[in-house]
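A short worksheet on the structure shown next.
The values are calculated or read from the model by the stated rules, or taken from the named source; none is laboratory data. Note that the structure is predicted; figures quoted are calculated from it, not measured. Counting neighbours? That spans all protein chains shown, and the Cβs are built from the backbone with ideal geometry, glycine included.
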Amino acid sequence: MSTDELRAGQVVVVTSWPIVEDVLSSWLGAWWPVRRCGDPGATAIDAGCDDVIVIGPDVDEADGLSIINEIGRRARSIVLVSDANVGSEVRWMRSGASAILHMREFDREMFRRVLSDLSEGRHVVSEEAMRWVLRSDDGWDRLSARQREVASMLVHGASTRDVADHLNVAESTIKTHVARMCRTIGAPDKEGLLSALRIADDASGDPSTRMAHR
């Protein structure tokens, strides 16, 4: 979907940095109006179902989490994580943030792609954010041997049905394993889990997977 098709609502930037508003305005042009708000409480109250809330890297994490909790499903939320505040991605993911991006990855093409993904109902976790999810949460160390086996088969292209047939179990059992692994790792869903596995495995890293989608 092109940015042309995203003409609804507005992008509300919660930040004290005017430059973030200026940059987003220049990237989005006439497609999405951009306004900056320095009051997290006002942002949450005013958010509409067609709006996108961008939480700037200067926003206190507690305030940012409160915004996400308050707006719920009324708006989509994009969190910009500062490189100086790495390790918070797990909390953002579990709070229900729609997208998490590291400032070092923040550019026009990525942001437009994120808007497109969100418009189609997917959540987005950038590769850099997912790396820090894995480092900070140590989730892989808590996976069982069977869960690792399931994950390995899935990341090499097997479907849940393929894995179930190979292990001689019901497909619902494999789906349960996947759901539990997602909760353990903090991945948004199966695709995010597989992207996390690829990122964690430097030896077999898959450069074709740039983003983890829900």
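Taking the criterion of being modelled with pLDDT under 75, aliphatic (A, V, I, L, M) and surrounded by 15 or more Cβ atoms within 10 Å (Cβ to Cβ), would at least one residue in the stretch 101-123 satisfy it? Checked the stretch 101-123: no residue is modelled with pLDDT under 75, aliphatic (A, V, I, L, M) and surrounded by 15 or more Cβ atoms within 10 Å (Cβ to Cβ). Residues that are touching a Leu at 6+ places or on another chain (Cβ under 7 Å) and closer than 19 Å to A97 by Cβ occur in the stretch 57-71; there is at least one.
Beta carbons closer than 7 Å, at least 6 apart along the sequence or on distinct chains, pair a first residue in the stretch 149-173 that is buried (at least 16 other Cβ atoms within 10 Å of the Cβ) with a second that is modelled with pLDDT of 90 or more and among the acidic types (D, E) for T160/E171; A164/E171.
In the stretch 72-83, the count of residues that are at pLDDT below 85 and more than 25 Å from D189 (Cα to Cα) is zero.
With respect to the conditions (1) touching a Ser or Thr at 6+ places or on another chain (Cβ under 9 Å); (2) part of a helix (DSSP H, G or I), D58 lacks only one, and its number is (2).
Given the criterion assigned to a helix (DSSP H, G or I) and within 29 Å of W31 (Cβ to Cβ), identify the matching residue among I68, I78, I53.
I68
Within 23 Å of A47 (Cα to Cα) and out of contact with any Lys or Arg (no Cβ under 6 Å at 6 or more places or on another chain), is that true of R108?
Spelling it out, it is not the case that R108 is within 23 Å of A47 (Cα to Cα) and out of contact with any Lys or Arg (no Cβ under 6 Å at 6 or more places or on another chain).
Entry remark, the stretch 138-169: residues being modelled with pLDDT of 90 or more, touching a helix residue (DSSP H, G or I) at 6+ places or on another chain (Cβ under 6 Å) and either in a loop (DSSP other than H, G, I, E, B) or not aliphatic (A, V, I, L, M) (or both) number 2 in total. Only residues that are exposed (fewer than 14 other Cβ atoms within 10 Å of the Cβ) and of a type in the set (A, V, I, L, M) were counted in the stretch 56-97, giving 2. Can you pull out every residue in the stretch 1-26 that is out of contact with any strand residue (DSSP E or B) (no Cβ under 6 Å at 6 or more places or on another chain), at pLDDT below 90 and part of a helix (DSSP H, G or I)? Within the stretch 1-26, T3, D4, E5, L6, P18, I19 qualify.
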